[in-house]
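Structure record follows, encoded as structure tokens.
Every number here is computed from the coordinates shown, using simple stated rules; none is lab data. The shown structure was predicted, so the numbers you read here are calculated from the model rather than taken from an experiment. Cβ: placed from backbone, ideal geometry, glycine included. Neighbour counts: every protein chain shown.
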Amino acid sequence: MIQESLNDWNDMFPSINVLTELKRMKAYLEAHPNKKRKAHEMENFVLRWLSKEQDQKLVAPKPQEIKQPQSDLPDWYTNQKSTPVKESTKKELEKRLERLRKPKEIQ
């Protein structure tokens, strides 16, 4: 019976590790004794938990997929941490870079 349920949950929730989630559920219930479930409520608890975890895995972007905002400033400038630069100075430098990138008009 338990192995059947485990197989079913693995089929229903392919993007998560069901066994790991079951261990997390057990730790959660042990840490929160007031949240203990009765035997007939456990299946619903497990299904809700696994469903929530699967939804989070499907929606949350992976860290490498998060796009950083593009800046015209060089990396060494935008990544500096030792001395903060005034926002007005940054804007002025960005304007200057933009002017340098535009092709000069031929007269």
In nanometres, what is the gap between the two model label sites at MET42 and ARG101, each 7 Å from Cα along Cα-to-Cβ?
-> 6.1
Between LYS52 and ASN17, what is the label-to-label distance in nm when each label sits 7 Å out along the Cα-to-Cβ direction?
-> 2.0
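Using mean Cβ contacts within 10 Å as the protection proxy, how do 34-45, 18-29 order, highest first? Present the calculation step by step, with values, prior to reporting the outcome.
Working: 34-45: 9.9, 18-29: 13.7.
Order by mean packing, descending: 18-29, 34-45.
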In nm, spacing of pseudo-spin labels at ARG24 and LYS86 (7 Å Cα→C-beta vector) = 4.8
